[in-house]
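One structure below.
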Amino acid sequence: MVRSILWRLIGCLCFWWSLGLALFFISFGVNRIEKAVQNSANPERILSNQRPDRNTDAEFQDSVQTMENTGMGQSAAVQVSENSSIRAEKTITAKVALTFDDGPHPVYTPQLLDGLNERGVHATFFVVGKNILGNEALLKRMETEGHLIGNHTYSHVKLSELDIARACAEVEKTNALICEVTGKEPEFIRPPFGEWKKAMECSFEMIPVLWDVDPLDWTTKNTALVVERVLKDTKPGDIILLHDYYQSSVDAALGIVDALTERGYKFVTVDELILE
Ligand SMILES: [Zn+2]
């Protein structure tokens, strides 16, 4: 009698223990499936896992708002609307554009071109007209190696402080020099100091290109600091401003390429970001 009760008790305990174990595994499995579905439905979540400090919706919208509020000009506005409309695609591919102002420089620009070439990366160079003289071969090299060449005025002037005729001449003279070497008329201009004369009635139309990330490389000349600032501030769709006029900037640029490539970024020329 006692034996039979004991067996029944053991049988009962085994049943409830097995049931509990089965329920635990079922709930664990359902949880895993839910997580997998959430991740596949939201690729940005995967990207933000890699970069926990950036790339949230709120931050992206904040940066858009900041650019609009600070009146960063026509190109920024174009870029903002383009970014918004194709945002999903960009967060997956995480495109970013490296831009270099003030060159070409006879020593630093070739170093930079070598480094970019080794890494298969294309950048955009906004060249100063008077720096082209004597460095025509470098300009040609930029063109043949797939980089985009833009205008940065002839003598690095604040266009907004010049009368229309002089401002147009600064831009036109540089366009002519670039065209002479590359055979292509530049479409993009980076106005020095970000000062674009909006109502320029010149014989040509150009697309002004400003920037999103400015590590102030020309003031610090500190490679590690420049890399750190860019890595901290860059998010998908950004245009990064650097200068191929200092050794520290060239070293920083190549460090930035390596680090952002590691994070899944793809480097494109600015036309791909703005006109896409
Ligand atoms: Zn400049």
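The values are calculated or read from the model by the stated rules, or taken from the named source; none is laboratory data. Not measured: the values here are computed from a predicted model. A quick note on method: Cβ atoms are made from the backbone with ideal geometry, for glycine too, and the neighbour counts reach across all protein chains shown.
Going by the structure shown, is Leu231 under 30 Å from Asp258 (Cα atoms) and within 13 Å of the ligand (Cβ to nearest atom)? First the steps, then the outcome.
Working: under 30 Å from Asp258 (Cα atoms): yes; within 13 Å of the ligand (Cβ to nearest atom): no.
Considered against the rule, which asks whether it is under 30 Å from Asp258 (Cα atoms) and within 13 Å of the ligand (Cβ to nearest atom), Leu231 comes out as no.
Of all residue pairs spaced 6 or more apart or on separate chains, those with beta-carbon atoms under 6 Å, a first member in segment 217-246 that is touching a residue at least 60 places away in the same chain (Cβ under 8 Å) and part of a strand (DSSP E or B) and a second member that is within 16 Å of the ligand (Cβ to nearest atom) and among the aromatic types (Phe, Trp, Tyr) are Ile239/Trp211; Leu241/Trp211; Leu242/Phe100; His243/Trp218.
In segment 90-191, counting only strands (runs of 3 or more DSSP E) that sit wholly within it, the ones holding 3 or more residues that are touching a helix residue (DSSP H, G or I) at 6+ places or on another chain (Cβ under 8 Å) and within 20 Å of Leu216 (Cα to Cα) span 95-101, 124-127.
Yes/no matrix, rows are residues, columns are (1) exposed (fewer than 15 other Cβ atoms within 10 Å of the Cβ); (2) modelled with pLDDT of 95 or more; (3) over 19 Å from His147 (Cβ atoms); (4) touching a Pro at 6+ places or on another chain (Cβ under 6 Å):
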{"site": "Phe188", "(1), (2), (3), (4)": "no, yes, no, no"}
{"site": "Glu205", "(1), (2), (3), (4)": "yes, no, yes, no"}
{"site": "Thr223", "(1), (2), (3), (4)": "no, yes, yes, no"}
{"site": "Glu228", "(1), (2), (3), (4)": "no, yes, yes, no"}
{"site": "Leu241", "(1), (2), (3), (4)": "no, yes, no, no"}
{"site": "Ser249", "(1), (2), (3), (4)": "no, yes, no, no"}
{"site": "Asp258", "(1), (2), (3), (4)": "yes, yes, no, no"}
{"site": "Tyr265", "(1), (2), (3), (4)": "no, yes, no, no"}
{"site": "Val268", "(1), (2), (3), (4)": "no, yes, no, no"}
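Taking residues in segment 118-136 that are touching a residue at least 60 places away in the same chain (Cβ under 8 Å), and partners anywhere that are of a type in the set (Gly, Ala, Ser) and within 12 Å of the ligand (Cβ to nearest atom), the pairs with Cβ atoms closer than 8 Å and at least 6 places apart or on different chains are Thr124/Gly150; Phe125/Gly103; Phe125/Gly150; Phe126/Gly150. Among residues of segment 91-115 being free of Cβ contacts under 8 Å to residues at least 60 places away in the same chain and within 21 Å of the chain's Cα centre (by Cα), the one that is nearest to the ligand (Cβ to nearest atom) is Leu113.
When you check Leu139 against the structure, is it surrounded by 21 or more Cβ atoms within 10 Å (Cβ to Cβ) and within 13 Å of the ligand (Cβ to nearest atom), yes or no? I'd like the intermediate steps shown before the answer.
Values: surrounded by 21 or more Cβ atoms within 10 Å (Cβ to Cβ): yes; within 13 Å of the ligand (Cβ to nearest atom): no.
In short, no.
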